[in-house]
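To start, the structure itself, in structure tokens.
The values are calculated or read from the model by the stated rules, or taken from the named source; none is laboratory data. Because the structure is predicted, anything quoted here is derived from the model rather than measured. Here the Cβ positions follow ideal geometry from the backbone for every residue, glycine too, while neighbour counts run over all protein chains shown. In case anyone asks, the SASA skips ligands and DNA or RNA and just uses the protein heavy atoms, side chains included. Shrake-Rupley method; radii C 1.70, N 1.55, O 1.52, S 1.80 Å.
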Amino acid sequence: MSKRILGRDLEVSSIGLGCMGMSHAYGRPSDKTEAKNLLAKAVDLGYTMFDTAEVYGTAENPHHNETLLGEILKPYRNQIKIATKGGLHFDENSTVVNKNLVPDSRPEVLKKSVEDSLQRLQMNHLDLYYIHRVDPTIPIEETAGVMKELIDQGKITHWGISEATEEIIRRAHKVCPLTAVQNRYSMMYRNYESLFPVLKELQIGFVAFSPLANGFLTCRYDEYSTFEKSTDYRSIMPQFSSAGIVENQKLIEWLKIIAAEKNATPAQISLAWMLAKNPFLVPIPGTRNLKRLTENIQAESIHLSVEEVTEIDDMLEHIPMSQVFGGSIVKK
Ligand SMILES: NC(=O)c1ccc[n+]([C@@H]2O[C@H](COP(=O)([O-])OP(=O)(O)OC[C@H]3O[C@@H](n4cnc5c(N)ncnc54)[C@H](OP(=O)(O)O)[C@@H]3O)[C@@H](O)[C@H]2O)c1
């Protein structure tokens, strides 16, 4: 498995593993045996970047994901990096499946969140700690100052921000250098490509979350796909709706053709395309399936030339596609 460097010195596998779906947003959570098999296989295959967050859990067990990873990944601790996130909770009064998000970057909240994550992950330092959503009521300079303090204390070694804009990145980076920005990015959601030159200039990595448009770009869903309404966010995502499936037919057919031409799968084409576009980008596709875990990591060996990437970009500008899920509402 080839490696990439995020920021100045955080070396990780070119493709990381998004672990959210084992506990949150995609139906019932994984049990321990299922998660153990998957995570052990991931380490074996060469994944060295595991992505979690303190809020990835269930109503009964709100920190299910961190606890699971802490227990299962402990034996592999010196081979891997675990990234987690804090400074966010769900609005428990919200009645939709994807509850509204409430950012909270008060210094005392972040410091407690780091202590709690350290405990649950059974680590003596966090490899990469993201502010999960920027808190509009706290200046980002103050948050960066807290991160600097935590780095000086050795509790975290690198920090990042999720869903960050250029302005926030520049202001934060001046106070304490950022290692990575983790934003939504896929063939259906390219809004953050404008950040690539900024991140290159500042030497900050880009971690692409939901790189398969929540699985849609794997081309394995159709109008008969159903999702559990109380636990699965896909039940409200526009790309999976009946209208979305119809609007995306051309996109899906085209992706299948490119995949066949490259002797690859559509998921692999999505991942290879973003790897080719930016050498500081690391996608973190999520899967709970052993076969797909292997399929996704093998995307790193699919080569797309500059011309092929340009052709794909051009096509993405013009091909009809539906709206894509843009994230839960952030309310403060
Ligand atoms: N920072 C943030 O705010 C934020 C938000 C969302 C997600 N994330 C992170 O990003 C990670 C990935 O995002 P995501 O899980 O939302 O979306 P994603 O990676 O785009 O898609 C995941 C879905 O695709 C399916 N899948 C994966 N590989 C496949 C393949 N090769 N063929 C067919 N289906 C495949 C998975 O189903 P199976 O399990 O059945 O394979 C899963 O349902 C998360 O795990 C989380 O760590 C961060």
request  = Return yes when LYS262 is without any contact (Cβ under 8 Å) to a residue 60 or more places away in the chain, more than 11 Å from the ligand (Cβ to nearest atom) and open to solvent by 40 Å² or more (accessible area, probe 1.4 Å) and no when it is not.
outcome  = yes
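Name the strands (runs of 3 or more DSSP E) wholly inside the stretch 8-121 in which the number of residues that are open to solvent by 10 Å² or more (accessible area, probe 1.4 Å) is 1 or more. Walk me through it before giving the result.
Numbers: elements: 10-13, 49-51, 81-86, 88-90, 101-103.
The strands (runs of 3 or more DSSP E) meeting that bar are 10-13, 81-86, 88-90, 101-103.
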inquiry  = Between ILE258, ILE245, which is closer than 25 Å to VAL97 by Cβ and over 20 Å from the mean Cα position of the chain (by Cα)?
reply    = ILE245
request  = Please work out which one of (1) aliphatic (A, V, I, L, M); (2) near the ligand (Cβ under 8 Å from one of its atoms); (3) touching a residue at least 60 places away in the same chain (Cβ under 8 Å) is the condition LEU251 fails and give its number.
outcome  = (2)
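Can you go through THR165, THR143 and tell me which one is open to solvent by 10 Å² or more (accessible area, probe 1.4 Å), among the polar types (S, T, N, Q), modelled with pLDDT of 95 or more and closer than 30 Å to VAL109 by Cα? Write out each step before concluding.
Numbers: THR143 fails: open to solvent by 10 Å² or more (accessible area, probe 1.4 Å).
From the options THR165, THR143, the qualifying one is THR165.
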key: PRO285, sole failed condition from (1) within 8 Å of the ligand (Cβ to nearest atom); (2) more than 30 Å from GLN203 (Cβ to Cβ)   = (2)
key: Members of the stretch 200-210 found to be more than 6 Å from the ligand (Cβ to nearest atom) and either touching a strand residue (DSSP E or B) at 6+ places or on another chain (Cβ under 7 Å) or not charged (D, E, K, R) (or both), listed by number   = LEU202, GLN203, ILE204, GLY205, PHE206, VAL207, ALA208
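Residue-wise test of (1) open to solvent by 40 Å² or more (accessible area, probe 1.4 Å); (2) modelled with pLDDT of 95 or more; (3) within 16 Å of the ligand (Cβ to nearest atom); (4) assigned to a loop (DSSP other than H, G, I, E, B).
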{"residue": "LYS174", "(1), (2), (3), (4)": "yes, yes, no, no"}
{"residue": "LEU178", "(1), (2), (3), (4)": "no, yes, yes, yes"}
{"residue": "ASN183", "(1), (2), (3), (4)": "no, yes, yes, no"}
{"residue": "LEU212", "(1), (2), (3), (4)": "no, yes, yes, yes"}
{"residue": "ASP222", "(1), (2), (3), (4)": "yes, no, yes, yes"}
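Among the residues of the stretch 185-210 satisfying the criterion of being among the polar types (S, T, N, Q) and open to solvent by less than 40 Å² (accessible area, probe 1.4 Å), which is farthest from THR265 (Cα to Cα)?
Within the stretch 185-210, the first condition is being among the polar types (S, T, N, Q), and the residues that meet it are 186, 191, 194, 203, 210.
Those left that are additionally open to solvent by less than 40 Å² (accessible area, probe 1.4 Å): 186, 210.
On the way: SER186: 16, SER210: 17 Å.
Ranking the candidates gives SER210 first.
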